[in-house]
Amino acid sequence: MLFINAKVMTMSAAGVFDPGYVRVEGDKITACGPMEELALAAEEESTDLRGALCLPGFIDAHTHLGMWEDGLDFEGDDGNEDTDPVTPQLRAIDAVNPTDRCFREALEAGITTVLTGPGSANPIAGQFAALKTCGRRVDDMILMAPAAMKFALGENPKSTYHGKSQAPVTRMAIASLIREQLEKARRYGEEQEKAKDDPELDPPEYDAKCEALLPALRREIKCHFHAHRADDIFTAVRIAKEFGLDYVIVHGTEGYQMADLLAAEGCGVLSGPLLCDRSKPELKALTPAGAGLLHKAGTPVAIVTDHPVIPIQYLPLCAGLAVRNGMERDAALAAITIRAAQICGIDGRVGSIEPGKDADLAVFWEDPLSLSAEPVLVVCAGETALDRR
């Protein structure tokens, strides 16, 4: 594919090519630049975008897409294994149903990559995956799995297990369970290493929970901490520091109240949902200005829907709402493209239009953050997923 005469907003250091071109071969971008530098190959066909805005495919960095299926109740609910508060061994890819129509709705909004995984009932919930939104089989849609280990603090684990009359029912117990399992996994890994170096030592008996946590302890994957309240946010920071984790705050609803302190910590925040009511006590301080205030303070911010809390197709609207409430427009676009990819550690593949990256593109005739906007062309993994031209 060769797309020409577009306003190419690369979301990279290269900036904007207006007019510009993007060349795709297979599932990768192989070249992009200003039109005056384009050298056409013999008999090469092109698609003239006639001044339309060409962006990298959008990224929703925190969802439960395919885990809670659209229009179903318990039979489509595979997000919370609330029979055990500590379940790091659970894998999102074993629960996602790619035939859920919300994958199609994501594509129709220009969203080509999502992070999806377990809910927040458990202090340690399991493994998130980064997936393309195009495809029929999860195995063919995986960009990175596991992409993150999900932890949860605050009201959700408390309310889940309070009704079962078992721990945790306090914030103290939630943090204690997380620490206990991380310490078990750390010792398990140390015993494995000792057994490798000493043939007279037997390795520890296989433990699925500890095995699943080893990549997190080695900083090979991110740790995503669900936390709304400011005290929960800093409990996440405290635990992450104790164990040397590479961590991200998910939601961070009250984070804007401590924006300077969070900026000093250097962790990213997956901000959202923004387009919702204050439906529980932890959301009483919710404001759509939060993402912009965090960004202004210097905290890396992505904007997320938390689908199905907010339907995934409204991700660009959430970014537009952040702009209406004070966030810079370019920062809001970055929050659903390159910044989201950077925070989640997948920016080597997605988030910007650059040679070598995945061929994910979203093309618009109007401002993609406006209420009436919808993409006229979506390319996902090098395939035309939507064409309304």
For this session: With a Förster radius of 35 Å, plug the Cβ-Cβ distance of D231 and K184 into 1/(1 + (r/R0)^6) and report the FRET value to the nearest 0.05.
Result: 0.85
Exercise. Mean projection of the alpha-carbon convex hull of region 1-77 over all orientations, in nm²?
Worked result: 7.7 nm²
Exercise. Under 19 Å from the 7 Å Cα→Cβ point of E43, by amide nitrogen: which residues of region 8-34?
Worked result: 24-26
Seminar exercise, completed: Measuring from its Cα centre, region 236-389 shows a charge dipole (+1 at each Lys and Arg Cβ, -1 at each Asp and Glu Cβ) which, in debye to the nearest 20, is 320 debye
For this session: Return the Cα extents of region 12-135 along principal axes one, two and three, sorted largest first, each rounded to a whole Å.
Result: 61, 29, 23
For this session: Set the Förster distance to 35 Å, then compute FRET efficiency between T83 and T30 from the Cβ-Cβ distance, nearest 0.05.
Result: 0.10
Seminar exercise, completed: Highest mean packing first, using Cβ neighbours within 10 angstrom, the peptides 211-222, 127-138, 188-199 sort as 127-138, 211-222, 188-199
For this session: Determine Rg/Rh for region 311-365; Rg is computed over alpha-carbon atoms and Rh is the Kirkwood hydrodynamic estimate from the same atoms.
Result: 1.00
Exercise. Counting alpha carbon pairs within less than 8 Å and at least 6 residues apart, what relative contact order, in whole percent, applies to region 1-130?
Worked result: 23 percent
For this session: Taking the Cα centre of the chain as origin, work out the dipole magnitude from +1 charges on Lys and Arg Cβ and -1 charges on Asp and Glu Cβ, in debye rounded to 20.
Result: 1100 debye
For this session: For every helix of n ≥ 4 consecutive DSSP H residues, a contribution of -39,500 (n - 2.57) applies; sum these over the chain, divide by its total residues, and give [θ] at 222 nm rounded to the nearest 500 deg cm²/dmol.
Result: -8000 deg cm²/dmol
Problem set entry | Whole-number D in µm²/s for region 293-389 (Stokes-Einstein; Kirkwood sum over Cα pairs; 20 °C, 1.002 mPa s) | 150 µm²/s
For this session: Specify, per residue and in Å³, the volume enclosed by the convex hull of the alpha carbon atoms belonging to region 47-204.
Result: 175 Å³
Exercise. What whole-number value in Å² describes the accessible area per residue of the chain for a 1.4 Å probe?
Worked result: 42 Å²
Problem set entry | Carbon and sulfur %, accessible surface of region 2-97 computed with the full protein complex present, 1.4 Å | 44 percent
Problem set entry | Label-point separation, Y206 to R238 (7 Å along Cα→Cβ), nm | 3.7 nm
Exercise. Can you pull the percent of region 168-324's accessible area that's carbon plus sulfur, 1.4 Å probe, other chains left in place?
Worked result: 51 percent
For this session: Go through the chain and flag any cysteine with no other cysteine's C-beta closer than 4.7 Å, please.
Result: C32, C54, C102, C210, C223, C267, C276, C318, C344
Exercise. For region 91-142, what's the radius of gyration and Dmax over Cα atoms, in angstrom?
Worked result: 11.3, 34
Seminar exercise, completed: Expected sort for 164-175, 339-350, 83-94 on mean C-beta neighbours within 10 Å, highest first, is 339-350, 83-94, 164-175
Exercise. Which percent, to the nearest 5, of DSSP beta bridges fully inside the chain are antiparallel?
Worked result: 55 percent
Problem set entry | Segment R329-S279, length gained on full extension (0.36 nm per residue, minus Cα span) | 15.2 nm
Exercise. In region 293-336, what is the volume of the convex hull around the alpha carbon atoms, normalised per residue and reported in Å³?
Worked result: 65 Å³
Exercise. How far is helix 208-217 tilted off the main Cα axis of the chain, in degrees rounded to 10, range 0 to 90?
Worked result: 60 degrees
Exercise. So what is Rg over Rh here for region 164-267, counting just Cα atoms and using Kirkwood for Rh?
Worked result: 1.07
Exercise. What aspartates and glutamates sit close enough to K222 to cross-link, taking a C-alpha to C-alpha distance under 12 Å and skipping anything fewer than 8 places away on the same chain?
Worked result: D246
Exercise. With axes computed from alpha carbons, what is the tilt in degrees of helix 171-197 against the longest principal axis of the chain, rounded to the nearest 10 within 0 to 90?
Worked result: 90 degrees
Exercise. Under Stokes-Einstein, with the Kirkwood radius over Cα pairs standing in for Rh, what whole-number D in µm²/s applies to the chain at 37 °C and 0.692 mPa s?
Worked result: 153 µm²/s
For this session: Would you mind calculating the relative contact order of the chain from Cα pairs under 8 angstrom and at least 6 residues apart, reporting the percent as a whole number?
Result: 19 percent
Problem set entry | Cα→Cβ-extended label distance, 7 Å offset, between R389 and E265, nm | 4.6 nm
Seminar exercise, completed: FRET efficiency for M172 and K196 from the Cβ-Cβ distance with R0 = 45 Å, rounded to 0.05, comes out at 0.80
For this session: Report Rg/Rh for region 116-166, rounded to two decimals, where Rg is the Cα radius of gyration and Rh the Kirkwood radius.
Result: 1.16
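The values are calculated or read from the model by the stated rules, or taken from the named source; none is laboratory data. Note that the coordinates shown come from a computational prediction; the quantities given were computed from them, not determined experimentally. Cβ sites come from the backbone with ideal geometry, for glycine too, and all protein chains shown count toward neighbours. To get the accessible areas, we keep the full protein, side chains included, count just its heavy atoms, and leave off ligands, DNA and RNA. Shrake-Rupley method; radii C 1.70, N 1.55, O 1.52, S 1.80 Å.
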